[in-house]
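> Input: one structure, supplied below.
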Amino acid sequence: MNRSTHRASNKMRFRLLRASLVRRRSRVLVELLAVAIGASTMFCLATLALDVPSQLEQELRGLGANLLVSPESELDSALLQETQALIPADALVAQAAFRYETIRINSQPYLAVGTDISSATTIKGFWDMDGEWPSRLGEALVGRDVADWIGLRVGQRIILEGADLDHQLPVTVSGIFAAGGNEDALVVLNEADLASLTGRSDVFDVAEYSIALGGDQLSALADHINANVPGVVASPVQRMASSEAQVLAMLRSLLVLVSVIVLTLTVIGISTTMMAVVTERRVEIALRMALGASNKAIQREFILEAVVLGVLGGTLGVVLGFALANLVSQQVFTQSARFNGWFGLVCVVAAMVLAWGASRHPVSRAAAIDPALVLREE
Amino acid sequence: MNDMNNVTIDRDSKGQALAVHLDKVTKAYGDLKALDALDLDVKSGQWVSIVGPSGSGKTTCMNLIGCMDRPTSGVVEISGLNLATMNENELTRVRREQIGLVFQKFHLIGHLSALENVMLAQYYHSIPDESEALEALGRVGLASRATHRPSQLSGGEQQRVAIARALINQPPLILADEPTGNLDAANAAAVLDLFSQLHAQGTTLIVVTHDPVVAAQGEREVVLDHGALVRDLSLR
Ligand SMILES: Nc1ncnc2c1ncn2[C@@H]1O[C@H](COP(=O)(O)OP(=O)(O)OP(=O)(O)O)[C@@H](O)[C@H]1O
Ligand SMILES: [Mg+2]
C-alpha cells in the first residue's frame, strides 16, 4: 500500500471510530462510565493516600512532642541551643522547654510548670482549653484537676506562693485546660513568673520537641544528640511515634485493599460491558466479516475503541476523582487536596491498559463469531 | 489483488470461465443433510434463480458459494479457486474480492450513514473513496440520501444501499438471498432493475427467491428440494 492509500484508510478508520462513539451515545456512555468510575475511585484513593499521611502527620504532631531532652544535672539555654543546633531546622515543628517547681496555693503544695507560653502553645496545642492561654505576665493556666480541687473559675484571681512561703505572686486564671493525664494537676506559668516565685532563672527540667521525622530517623537523631551533646539525654517518645506509624500503616493497607477491590470490580465492569456490547453488535460484526474483514481487522477496531474509551474514561475519572478527594480532604482536614499530575497520568494510562485488558476476552469472542450462523439467525 | 487471476480456471464446453462449480457438495448438520451431493455449475455472467421450499438448502448453498461456510464433503470452486485448500484468511480474501452479498434483511450498520455503509465495503476491500461511493449511491438512485442513517430510510431504500454496497467493489459474483423478501412490488421491481443493469455489465448473479416474478427474471431457474437439485430450467 502506498501512502495515500494509507491516509484514506486511516481517515476511514477514524470516521468509523467517531461514528461508533458519537452515534451510539447511550451505549458509549455506559462504557465510559464503567471506566470513569474505576479511574475516579483509583485517583481519589491515590490522592488521599498521598495526602492523608502528611495531613495526618501534621494532625498527630499537634498531639505533642515526639522527642524529649532531659539533663543529667541541669538544663540551661546554652545547652538547649547546642541541642537544637543538631535538629534539622526544616523538620522542627515546635519546641518548648519546661521547668517544674513546687508552689503553694492556700498553703497546699502544687506542681507548677514554667515555660515560654508562646512556644508551649504550639506543642501543647491539643489541650482542651476553657478560657485562653496566658497572654501576659501575671496570668496562669490551671489544670482541670487543680481547678476542681480548689474550685477555680476562669478569670478568678489567686495568690501563688513559693514552696517556702517566702515569695508571693497574685495571678489571674486565664484558662483551665484538660490534657487527659497527669498534666491536669499542673499550674502553668510564664517562666519569668515562676522565676520570681523561686528566685532562680534559666534552669529547665525538660525540653520537648515536635519533629517531622518517622520512627527510625527520630531514633537516629536522638542517638546523634546523645553522642554529641554531653550532659543531656534525648529520647524519642516511643508510644506516640509508633502509634502514629501504626495508624498510617493501617490506613495505607486499607487504601491498598480498597484499591485492589475497586480495580477488580472495574475490570469486571468493563469486561461485562464490552461483552454486552459485543453481543449487541454480533450482527454488525458478522456483516463486517461478510464484507471481507479479517478477524484481525475486527479485533483491531474493537480494541482501538476500547483504548480510546479507556483514555476518555480515565481522563473523566481523574477529574471526578480529584473533585471527590478534594471534598473528602476539605471535610476531614479542612484543607484542599493537592493535584498530582503524575498520578493523573498514571491513572489515565492505567485506565487505558485496563480497558484494553478487559476487552481482550470479549474481542476474541467477537472474532470467533460465525458470520453464516449469525446472519442466518437475524 | 490480481494474483487470484493467475490460477488455471475451470472452463465450460465453450471455453468460458465457470463462476461457480459445485461437485457432489454435501453439508450435513448431524443426521440432517442440508445439501445432499449437489452438483451445480454457473457460467460467468449468468443470472441464476434458486427456488425451493423452506428448508431445502438454499441459504446453505449460498453460504458455501459465499465462502462463509465449508462443505462436509465435495468440491466448491469460485472462479476456478478450490476453497477446500484455503485457510480462513484466504477464504476471507476470496469473499472480499470475488463476491458481493445482498441479504433479505439488508444488514446495514445502524450507526453509519448510507454513504459510510457503502464505504465500509471499500475499506475492507481496498481504499475508501468517498466520491466513488457517492457515485454508487447515485446508481441506485440514492445520492440525495447519502447522509441518512438506515433508520431514516425505507426498506426499499435500505436494500438499494445494500446493493450499492455489494456492487461498489465490482465483484464478478453477486449473491442475493431473498433480496425482495421484505419489499413491496414497486421496490422489488426497482431492485430487479438494478440486477438487470448488473447482469448487462456481465456480473454473475445468483438470486434465491420465493417470488415467481423475481425468479422469472433470471436466465435459468434451479429448484432445490431436500438439499438436492430437482429441476434446472433454462428460461431464455
Ligand atoms: N447451523 C445449522 N445447524 C443445524 N441445522 C441447520 C443449520 N443451518 C441450517 N440448518 C438446517 O438445514 C436445512 C436447510 O436450511 P437452509 O437455511 O439452507 O434452508 P432454506 O432453503 O434457506 O430455507 P428458507 O427458505 O426457509 O430460508 C434446514 O432444515 C435447516 O434447519
Ligand atoms: Mg434461507
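The values are calculated or read from the model by the stated rules, or taken from the named source; none is laboratory data. These numbers come from a predicted model, not from an experiment. Cβ sites come from the backbone with ideal geometry, for glycine too, and all protein chains shown count toward neighbours.
> List the number of the failed condition for B:D69; all other conditions in (1) more than 16 Å from ligand 1 (Cβ to nearest atom); (2) modelled with pLDDT under 95; (3) assigned to a loop (DSSP other than H, G, I, E, B) hold.
It fails just one condition, (1).
> Looking at segment B:145-184 only, could you name the residues that are charged (D, E, K, R) and either within 30 Å of B:H21 (Cβ to Cβ) or within 14 Å of chain A (Cβ to nearest Cβ) (or both)?
Narrowing segment B:145-184 to residues charged (D, E, K, R): B:145, B:149, B:157, B:160, B:165, B:177-178, B:184.
The answer is B:R149, B:R165, B:D177, B:E178.
> Looking at segment B:57-68, I want the residues that are more than 17 Å from B:L81 (Cβ to Cβ) and more than 7 Å from chain A (Cβ to nearest Cβ) and have a partner that is more than 10 Å from ligand 1 (Cβ to nearest atom) and of a type outside the set (D, E) with Cβ atoms under 6 Å, at least 6 apart or on another chain. Which pairs are those?
Close Cβ pairs satisfying both conditions: B:M62/B:L175.
> Here's something else I'd like to know. Just name the residue that is nearest to ligand 2 (Cβ to nearest atom) out of those in segment A:336-354 that are in a helix (DSSP H, G or I) and touching a Ser or Thr at 6+ places or on another chain (Cβ under 9 Å).
First, pick out the residues of segment A:336-354 that are in a helix (DSSP H, G or I): A:341-354.
Next, only the ones that are touching a Ser or Thr at 6+ places or on another chain (Cβ under 9 Å) stay: A:343-344, A:347-348, A:351, A:354.
On the way: A:F343: 57, A:G344: 55, A:C347: 51, A:V348: 49, A:A351: 45, A:L354: 43 Å.
So the residue we want is A:L354.
> Those residues that are of a type in the set (V, I, T) and touching a residue at least 24 places away in the same chain (Cβ under 8 Å), I need them from segment B:89-132; list them, please.
Those that are of a type in the set (V, I, T) and touching a residue at least 24 places away in the same chain (Cβ under 8 Å): B:T92, B:V94, B:I99, B:V102, B:I109, B:V118.
> What's the number of the only condition in (1) surrounded by 22 or more Cβ atoms within 10 Å (Cβ to Cβ); (2) not in a helix (DSSP H, G or I) that B:L64 fails to meet?
(2)
> Another one. Could you tell me whether B:G55 is in a strand (DSSP E or B) and over 16 Å from the mean Cα position of the chain (by Cα)?
no
Table: residues versus (1) under 28 Å from the mean Cα position of the chain (by Cα); (2) within 14 Å of another protein chain (Cβ to nearest Cβ); (3) within 30 Å of B:P171 (Cβ to Cβ).
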site	(1), (2), (3)
A:A286	no, yes, yes
A:I303	no, no, yes
A:A306	no, no, no
A:G310	no, no, no
A:A325	yes, no, no
A:N340	yes, no, no
A:G344	yes, no, no
A:S364	no, no, yes
A:I369	no, yes, yes
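> Another question about this same structure. Please enumerate the residues belonging to segment A:310-335 that are among the polar types (S, T, N, Q) and in a helix (DSSP H, G or I). Quick ask: steps written out before the conclusion?
The first filter runs over segment A:310-335 and keeps only residues among the polar types (S, T, N, Q), leaving A:315, A:326, A:329-331, A:334-335.
Passing the criteria: A:T315, A:N326, A:S329, A:Q330, A:Q331.
> Take the conditions within 11 Å of ligand 2 (Cβ to nearest atom) and surrounded by 23 or more Cβ atoms within 10 Å (Cβ to Cβ) and apply them to B:I78. Does it pass? Write out each step before concluding.
On the way: within 11 Å of ligand 2 (Cβ to nearest atom): no; surrounded by 23 or more Cβ atoms within 10 Å (Cβ to Cβ): yes.
For B:I78, the condition - within 11 Å of ligand 2 (Cβ to nearest atom) and surrounded by 23 or more Cβ atoms within 10 Å (Cβ to Cβ) - is not met.
> Name, by its number, the condition in (1) in contact (Cβ under 8 Å) with a residue 60 or more places away in the chain; (2) among the small types (G, A, S); (3) in contact with a Ser or Thr (Cβ under 9 Å, 6 or more places away or on another chain) that does not hold for A:S174.
For A:S174, the failing item is (1).
> Looking at segment A:160-167, is at least one residue at positive phi, more than 35 Å from the chain's Cα centre (by Cα) and not hydroxyl-bearing (S, T, Y)?
yes
> Testing B:V191 on (1) assigned to a helix (DSSP H, G or I); (2) within 24 Å of A:A19 (Cα to Cα), one condition comes back false. Which one is that?
(2)
> Somewhere in segment B:34-41, is a residue in a loop (DSSP other than H, G, I, E, B), over 30 Å from A:E280 (Cβ atoms) and more than 11 Å from chain A (Cβ to nearest Cβ)?
So far as segment B:34-41 goes, no, none of its residues is in a loop (DSSP other than H, G, I, E, B), over 30 Å from A:E280 (Cβ atoms) and more than 11 Å from chain A (Cβ to nearest Cβ).
> Turning to a different aspect of this structure: So B:H226 fits all but one of (1) more than 19 Å from the chain's Cα centre (by Cα); (2) within 16 Å of ligand 2 (Cβ to nearest atom); (3) within 27 Å of B:G155 (Cα to Cα); what number is the exception?
B:H226 satisfies all of (1) more than 19 Å from the chain's Cα centre (by Cα); (2) within 16 Å of ligand 2 (Cβ to nearest atom); (3) within 27 Å of B:G155 (Cα to Cα) except (3).
> Look at B:P53 and say whether it is more than 11 Å from chain A (Cβ to nearest Cβ), modelled with pLDDT of 95 or more and surrounded by fewer than 20 Cβ atoms within 10 Å (Cβ to Cβ).
For B:P53, the condition - more than 11 Å from chain A (Cβ to nearest Cβ), modelled with pLDDT of 95 or more and surrounded by fewer than 20 Cβ atoms within 10 Å (Cβ to Cβ) - is met.
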